[in-house]
Each structure stands twice: as structure tokens, then as C-alpha cells.
Amino acid sequence: MHLLQFSTSHYCRKARLALGYKGCSYTIENLTPGLHVFKLKPLTQCTTVPVLMDDRDQSSTVITDSSRILAYLDQRYPASKLIPENRDQRDRALQLEDWLDASIGTATRFVYYQYRANEGKAIDPSLVSMAVIAIVRRQYGINAVTAKLAEERLDLALPWIDRTWKAQSFLVGDALSVADIAAAALLSPLALLPTYRETYPALFERIAAIHAICHEPLPPGLSEPARS
Ligand SMILES: N[C@@H](CCC(=O)N[C@@H](CS)C(=O)NCC(=O)O)C(=O)O
């Protein structure tokens, strides 16, 4: 299998966590933001990463969107299901995954890039990094106002995720599911923001533990002590 990705994308991290959990061997192709459309558009009609390519049985499958990639992997490698078989748990896990993808992953992106452009500039003040941050902010319309709205969405979501992981280890049922993988990946950029690390230490421990279960290297910020 072959994963087309941006190395820093938290949605691509989500796909890698699932690939690692399933024990898949795969190769990675890091695309250059901007130029990625020339590769992706003809292949998928879309422009987003991750994209998974699977060549087997002389046929080639191309899957775009992290949730579809996880569903595909679950079907192809049915051991250790990521989508629960119990109907209520399956519905809940898929709803949570969708909420995390559509709302929380986006909110994380806004808060993260707002931080990197301001208080977090010192993380990487190079011209290349600042240019990438400026392009992403322009592409998604990230500014002080939209980042504040995103922060408010995180303020609603994080206490519940934190409490649930503390109470029962997994967001749904008693095994790792697409909901845990989505939360671990899509919240991971916040590990670089001291305010979140200080407020939710257990949540970041859980994110690190899920990375260990999935054999995925830790995201930036989680392998070092929290900055102050
Ligand atoms: N819902 C999509 C979101 C993926 C997404 O937003 N990917 C971003 C990178 S984090 C991307 O490819 N952006 C480039 C573009 O939109 O052209 C998924 O889960 O795969």
C-alpha cells in the first residue's frame, strides 16, 4: 500500500495510526502543498490528502478521505475491528469520527496556525515555515476572530473527551475505535500549545498511548516536556 500525504497533516496522521494499528506495511509519498493538486486531481477528483493506494489482485484501489481509508482498512483487515460490530456502538463511533473530522480537526487547525503565527513563532521562525503558515492561514481564512470561534469549539469538546478517556479508556465500548484514532490524531497539533498541555495532561498521555498502540512515532511536542 502507498500513502500520499503532507508530512505535517493531522488527517494524514489519522490514516497512519490506522495503518499502524492494523500492522500494514506501506510506503509514504510526501506531496508538496500547492503542487499536490496536479497529482491528486487526476487521481481522485479531489485535492485533499490523505489518499491511500492499494494495488492487489491486479487491480488498483484509490481511496481519498481519512474516514473512508479507515473503513477500507477495517474491511480489508477485519481482525481488531476499528468500527465496532455492535450496532449502537458502531453508530456512535462513526458519529464521533465524523464530528471530530468535520468540526474538531478543523478547529484544531485554526487554533494551531493562529498560535504558530503569533506566540508560537519561535517553534520555527524560518522563512519557509512562516511562508507555509501564511499560505495555510490565507487558504482557510484563519485570523484572530475565526481562531477564537475555533477555540470555543475546542472548549466544548476537550472536557468531554478528557473525562471519557479517564473514565473508560476508549471513547466507545471497550476497545480502540475510529473515534479514538480520530481524536488522537486530530487533537495532536495542540500538544505544542502550553495552555492545552497544562489544562489536559491526561488527554495528551492518552494520545501518546494510542500512538504507542498504533506503532506511530509521537507528534511534535509530545516527545518532549510541555513548554512553559
Ligand atoms: N475530510 C478530509 C480532510 C483532509 C484535509 O483537510 N486535508 C488537508 C491537509 S490537513 C488538505 O489536503 N488540504 C489541501 C487542499 O485542500 O487542497 C479527510 O478526513 O481526509
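The values are calculated or read from the model by the stated rules, or taken from the named source; none is laboratory data. Since the structure is predicted, the reported quantities are computational estimates derived from the model, not experimental observations. Neighbour counts are summed over all protein chains in view; Cβ atoms, including those assigned to glycine, are modelled from backbone coordinates with ideal geometry.
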Can you run down the residue pairs with Cβ atoms below 7 Å, 6 or more apart or on separate chains, where the first is in the range 145-158 and at negative phi and the partner is buried (at least 18 other Cβ atoms within 10 Å of the Cβ) and not in a helix (DSSP H, G or I)? LEU158/TYR200
What's the number of the only condition in (1) over 14 Å from the mean Cα position of the chain (by Cα); (2) closer than 22 Å to ALA117 by Cβ that ILE213 fails to meet? (2)
Of the conditions (1) of a type outside the set (Phe, Trp, Tyr); (2) more than 14 Å from ARG13 (Cβ to Cβ); (3) touching a residue at least 40 places away in the same chain (Cβ under 8 Å), PRO219 clears all except one; give me its number. (2)
Which residues, taken from the range 4-30, are surrounded by 16 or more Cβ atoms within 10 Å (Cβ to Cβ) and farther than 25 Å from PHE110 by Cα? LEU19, GLY20, TYR21, LYS22, CYS24
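To keep it simple, each residue is scored yes or no on (1) within 8 Å of the ligand (Cβ to nearest atom); (2) in contact (Cβ under 8 Å) with a residue 12 or more places away in the chain; (3) surrounded by 12 or more Cβ atoms within 10 Å (Cβ to Cβ); (4) among the hydroxyl-bearing types (Ser, Thr, Tyr).
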position: THR32; (1), (2), (3), (4): no, no, no, yes
position: LEU35; (1), (2), (3), (4): no, no, no, no
position: PRO42; (1), (2), (3), (4): no, no, no, no
position: VAL49; (1), (2), (3), (4): yes, yes, yes, no
position: LEU52; (1), (2), (3), (4): no, yes, yes, no
position: GLN58; (1), (2), (3), (4): no, no, no, no
position: SER66; (1), (2), (3), (4): yes, yes, yes, yes
position: ILE69; (1), (2), (3), (4): yes, yes, yes, no
Show the residue pairs meeting these rules: Cβ distance below 7 Å; 6+ apart or different chains; first residue within the range 179-197 and within 13 Å of ALA107 (Cβ to Cβ) and among the aliphatic types (A, V, I, L, M); second residue outside any helix (DSSP H, G or I) and modelled with pLDDT of 95 or more. ALA183/LEU171
What is the one condition in (1) buried (at least 18 other Cβ atoms within 10 Å of the Cβ); (2) free of Cβ contacts under 8 Å to residues at least 40 places away in the same chain; (3) within 16 Å of the chain's Cα centre (by Cα) that ASP98 does not satisfy? (1)
Test: ILE63 is in the same structural domain as ALA183 (by TED's automatic domain parsing) and in contact with a helix residue (DSSP H, G or I) (Cβ under 9 Å, 6 or more places away or on another chain): no
Among the listed residues ALA150, ALA122, identify the single one that is exposed (fewer than 13 other Cβ atoms within 10 Å of the Cβ) and under 25 Å from ILE207 (Cα atoms). ALA122
When you scan the range 83-98, do you find a residue that is over 14 Å from ALA185 (Cβ atoms), within 16 Å of the ligand (Cβ to nearest atom) and out of contact with any helix residue (DSSP H, G or I) (no Cβ under 9 Å at 6 or more places or on another chain), even just one? no
It is to be established whether one or more residues within the range 164-176 are hydroxyl-bearing (Ser, Thr, Tyr), within 30 Å of LEU35 (Cβ to Cβ) and modelled with pLDDT of 95 or more. no
Take the residues of the range 116-142 that are of a type in the set (Ser, Thr, Tyr) and over 21 Å from SER103 (Cα atoms): which is modelled with the highest pLDDT? SER126
Scan the range 18-30 for residues that are within 13 Å of the ligand (Cβ to nearest atom) and within 11 Å of ILE69 (Cβ to Cβ) and jot them down. ALA18
Those residues of the range 135-185 which are of a type in the set (Gly, Ala, Ser) and outside any loop (DSSP other than H, G, I, E, B) amount to ALA144, ALA147, ALA150, ALA157, ALA167, ALA179, ALA182, ALA183, ALA184, ALA185
